[in-house]
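Where a number appears in this text, it was derived from the coordinates with a stated rule and is not lab data. Just so it is clear, the structure is predicted and the values come from calculations on it, not from any experiment. Virtual Cβ from ideal backbone geometry, glycine too; neighbours counted across all protein chains shown.
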Ligand SMILES: Nc1ncnc2c1ncn2[C@@H]1O[C@H](COP(=O)(O)OP(=O)(O)O)[C@@H](O)[C@H]1O
Ligand SMILES: [Mg+2]
C-alpha cells in the first residue's frame, strides 16, 4: 500500500488553509472594514455571523493574516469566549496577545489595568472575540469600543442572540458596524473545500470521487464536520490497509467522527458550562428548576446568575451538545445523542 497522506497538517482542525473557498465576498467585506488600520487609523468594527463550521473563525484569521502581510506592525489578539468568558479573562487574553501582560495575572488585576495597557499600545490593535454571545459582561465590549486604537471583530452564530445579550449602550454603538454573514456550504462548495484538503494532504487518487460526494452529503454544509470525516476516513483506511478511501470506509467512521466533534466541543467549554453539561449528562434529562438547584449546589458561592446560566445553556445547545424542550420554568434539558 502506498502512503495515503502526504501532509497531515492539512487535516488538523486549527489549520488555516492557503485558500478559503467560496468566501471571496466575505473576505473582501471584512478586509475593507479593517483597511484603515494599514494607514495607522482605526478600522470599522465588524460582526461575523453564521452557523457552526461555515468558516467564521478561519475567515477572520485569514483576513488578519493577509493584512499582516500587507502592512507592518499590525497586531491582533484572538479570544474564544466559550473558554474565557469573564471580563478579566477576555481582557487578559487580548493584552497577552499584544505582548503586554507578562507581569499581570487574571486574578487580582482590575479590568481597567488591562484596558490601560491596550490603550498605551503604539499602533492599532484588532480584538477578535469569538463566540461573543457567551461573554458574561457586556461592558467588556464597551471598554474596547472606547479605545481609539482598538477595532473589534465579533463572531457569533445568530445576530439575534447577540443583540438580546448586549446591553442597549453596546447595541447602539455597534449598530453601524459592518456585518458579514456566512451561510452553510452547498454540496458543490463542500466538495471544493474537501478537494482542497485532499490536494494538500493526500497522495493522488487516494480518495474516490464517490467518497468525496458522500462526505459532502453527510457534512451538510459544515466544513468542520466534512474535514473531520476526511481525517477519520484516512486514519481508518490506513488501519485496515486500504489504498483508497471509498464510501464504505466513510460509512464505518461517520459516527465516530461525530463523537469526536462532540468531545472537542466539550473540551472547549468553560468551567461553568462544563458543570451544567455534566449535570445534564448525569441526569440524562432534567427540568430547569432541578438543574438550577444542582448547579448552585456544585458551584457554591461561585454560581453564576440565572441569566448567565441561560446563556451557557444556549451555547451548549448551539454546539449540539444538549437539546431543550418547553419554555420558561417548564424547560427540560437532555443530552444530545446520535
Ligand atoms: N471556505 C473554506 N475553505 C477551506 N476550508 C474551510 C472553509 N471554511 C471552513 N474551512 C475549514 O473548516 C473548519 C471549520 O471552520 P471554522 O472557521 O472553524 O468554522 P466556524 O468558526 O464557522 O465554526 C476549519 O478547519 C476550516 O479550516
Ligand atoms: Mg469558530
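Which shape class, rounded, prolate or oblate, goes with the range 258-298 when its Cα gyration tensor gives a ≥ b ≥ c as root eigenvalues, a/c under 1.5 marks rounded, and past that a/b bigger than b/c marks prolate? Taking the square roots of the gyration eigenvalues as a ≥ b ≥ c, the range 258-298 is oblate. Computed over the range 36-79, the alpha-carbon pair-distance distribution with 10 angstrom bins reads 24, 53, 21, 2, each value a whole percent. For the range 24-181, the Kirkwood estimate of the hydrodynamic radius, built from every pair of different alpha carbons, is 15.5 Å.
For residue 252 and residue 336, compute 0.36 nm times the residue count separating them, minus their Cα-Cα distance, and round to one decimal in nm.
Difference between extended and current length: 28.1 nm.
Restricting attention to the chain, close to 30% of DSSP beta bridges with both partner residues there are antiparallel. Taking a ≥ b ≥ c as the square roots of the Cα gyration tensor eigenvalues, with a/c under 1.5 meaning rounded and otherwise prolate when a/b beats b/c, else oblate, which class fits the range 210-338? Note, shape of the range 210-338 comes out prolate. Between residue 188 and residue 268, the modelled label-to-label distance comes to 3.0 nm, taking each label 7 Å out from Cα in the direction of the beta carbon. Across the chain, Cα-Cα pairs farther apart than 25 Å form 57% of the total. For the chain, the 222 nm mean residue ellipticity estimated from helices alone, with every DSSP H stretch of n ≥ 4 adding -39500 (n - 2.57) and the total spread over all residues, rounds to -15500 deg cm²/dmol. Once Rg and the Kirkwood radius are both taken over the C-alpha atoms of the range 144-268, their ratio Rg/Rh works out to 1.15. Listed by Cβ neighbour count within 10 Å, with the fewest neighbours leading, 297, 256 appear as 297, 256. The calculated FRET efficiency for residue 175 paired with residue 42, based on their beta-carbon distance and R0 = 22 Å, is about 0.80.
For the pair the range 1-60 / the range 112-173, the C-alpha centres are spaced 20 Å from each other. Classified by the C-alpha gyration tensor, the range 269-335 has a rounded form. Its axis ratio a/c, with a ≥ b ≥ c, is below 1.5.
By the beta-carbon count within 10 Å of each Cβ, the least crowded to most crowded order of 252, 107, 136, fewest first, is 107, 252, 136. From least to most packed, judged by other beta carbons within 10 angstrom and beginning with the fewest, 114, 72, 49 follow the order 72, 49, 114.
Placing a label point 7 Å from the Cα of residue 107 along the Cα-to-Cβ direction, the residues of the range 63-88 with a backbone N closer than 17 Å are 85-88.
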